[in-house]
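The values are calculated or read from the model by the stated rules, or taken from the named source; none is laboratory data. Predicted, not measured: the structure shown is a model, and the values here were computed from it. Note that we place each Cβ from the backbone using ideal geometry, even for glycine, and neighbour counts take in every protein chain shown.
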Amino acid sequence: MLAVAFAACAGGGSTTASSNAGGGPPGAGVAPVSTPTPVTQPSTIPSATPSATPTPGPSAAPANAAIRAPQGFLVSHIATVGGARELAALPNGDLIVGTLGSSIAIVPNAESAGAAGTPATFATLPDSPAQGVAFGAGFVFVATQHGVYRIAYTAGAQSGTPAKIASVRTGAIAPNSDGDVHTTSSVGVSGSTLYVGVGSSCNACAEVDPTRATVQRMAIDGTGMTTQATRLRNAIAVATDPSTGTVWAGGAGQDNLPSGHPYEFMDPVASHAAPADYGWPVCEENHVAYTSGANCSAVVAPALEFPAYSTIIGAAFYPASQGGAYAFPASWHGGLFVGMHGSWHSNGPIPIDPPHVAFVPFSGSAPATAVNWSNPSAQWNDFLTGFQTSSGSRVARVTGVAVGSQGSLFVADDQNGWILRIRPSSTATSAVHRR
């Protein structure tokens, strides 16, 4: 096991000891591929059989028995990396793991038929948490609390030397901060452009640092940094749609508002004219003003919604043309997998939303089902569940998600440091739609 010291809270992004990534209580170049096969009903994804029946081999450890995927999928525990956060798959089948410490890890042979190799330190950064990772244009990119780094990657390399290419959070914490200071950053790459999500310094405030609560856009060498999206409380789970090259980012709504609101979301931030305004903290959801007198008419209404406090950490599109020995059935291609850390908010002793992985069917470049502002569960299905017991205790806390070069889905957890691998093993059934 690779042990990585925690340099931030267990849930991500706050300088306090809360366990959430969307915000705790106060104090707390990919090349385009073919168009995805349209899927019109997210609750009835067709069953399908993969072209081959892959086997993980006798030495791939099964995942905790409580963790459940749809019938026909096999979940294995292939590695343990302390504080595992966002993930990036490499072309040769290795896996990069961002962490809550100052190092990023590599899991060699994550796409092997059997067990993966022993995790090792790929690079150590002079800043933490080194949560955000991405691969593209021949580089591994890392986003930390204060910087963006790139590491030249040669096929099969087991280590690399980071070079800082940009700085974020260069200014002060908001003078009226309520103490909910996010310290994590996320990174995505599309062709020759990087997008970096930078969390806020509060739950609800007016930032004085122009990089906080934003998505920054820059060239892959860090030059020309500009604001792509603003007033986005905790821009996390940056993911590139390989069909279009469009970069999406997740957003966590502020806390301490009416029960069940505001929803959490993902949106194609790169598709809007910059700087796209998401309205936080005065406007949320569908132009709803949470501050009296706020003008929300020009604020972006996101394309994909999830229940409040789901706490999005990682996301990955399943390529429409994905091949390989462990490719999912075609009915899953073109959709988006989203890793949810689960809420710290509770009704009594039970947290409101459990950790899970959601699957969002897409039709072309948009979710197959449009937003239903009365139902934030209308657009997606549960894919990986069982992380929370009936008593409210957590088996694991979902963080990063990535699709491997051979088609496996990888999911990380920062409670135990588990790296899970999901593959089709027989007839793969539909995901279960949350009612």
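Out of all the residues in the range 321-338, is one or more of a type outside the set (Asp, Glu), touching a Leu at 6+ places or on another chain (Cβ under 6 Å) and surrounded by 24 or more Cβ atoms within 10 Å (Cβ to Cβ)? Scanning the range 321-338 turns up no residue that is of a type outside the set (Asp, Glu), touching a Leu at 6+ places or on another chain (Cβ under 6 Å) and surrounded by 24 or more Cβ atoms within 10 Å (Cβ to Cβ).
Going through the range 78-105 one residue at a time, which ones are in contact with a Lys or Arg (Cβ under 8 Å, 6 or more places away or on another chain) and assigned to a strand (DSSP E or B)? Within the range 78-105, Ile78, Val97, Gly98, Thr99 qualify. Scanning the range 286-303 for any residue that is among the polar types (S, T, N, Q) and closer than 26 Å to Gln406 by Cβ turns up nothing. Has the range 246-264 got any residue that is in a loop (DSSP other than H, G, I, E, B), surrounded by fewer than 24 Cβ atoms within 10 Å (Cβ to Cβ), modelled with pLDDT of 95 or more and of a type in the set (Gly, Ala, Ser)? The answer is no, given that none of the residues of the range 246-264 is in a loop (DSSP other than H, G, I, E, B), surrounded by fewer than 24 Cβ atoms within 10 Å (Cβ to Cβ), modelled with pLDDT of 95 or more and of a type in the set (Gly, Ala, Ser). Is it the case that Ile165 is within 22 Å of Ala237 (Cβ to Cβ) and surrounded by fewer than 23 Cβ atoms within 10 Å (Cβ to Cβ)? Answer is yes for this residue.
In the set (1) in contact with a strand residue (DSSP E or B) (Cβ under 9 Å, 6 or more places away or on another chain); (2) more than 24 Å from Val75 (Cα to Cα); (3) of a type in the set (S, T, N, Q), Ser374 fails one condition alone, (1).
Yes/no per residue for (1) on the phi > 0 side of the Ramachandran plot; (2) assigned to a loop (DSSP other than H, G, I, E, B):
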site: Gly179; (1), (2): yes, yes
site: Tyr195; (1), (2): no, no
site: Ser201; (1), (2): no, yes
site: Thr211; (1), (2): no, yes
site: Asp221; (1), (2): no, yes
site: Ala229; (1), (2): no, no
site: Leu232; (1), (2): no, yes
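Residues in the range 258-281 that are charged (D, E, K, R) and within 19 Å of Ala298 (Cβ to Cβ) were compared, and the one that is farthest from the chain's Cα centre (by Cα) is Asp277.
Residues that are under 20 Å from the mean Cα position of the chain (by Cα) and either buried (at least 21 other Cβ atoms within 10 Å of the Cβ) or in a loop (DSSP other than H, G, I, E, B) (or both) within the range 181-193 comprise Val181, His182, Thr183, Thr184, Ser185, Ser186, Val187, Gly188, Val189, Ser190, Gly191, listed in sequence order. Given Thr385, Thr369, which one is surrounded by fewer than 22 Cβ atoms within 10 Å (Cβ to Cβ), β-branched (Val, Ile, Thr), under 19 Å from the mean Cα position of the chain (by Cα) and closer than 25 Å to His333 by Cα? Residue meeting the stated conditions: Thr385.
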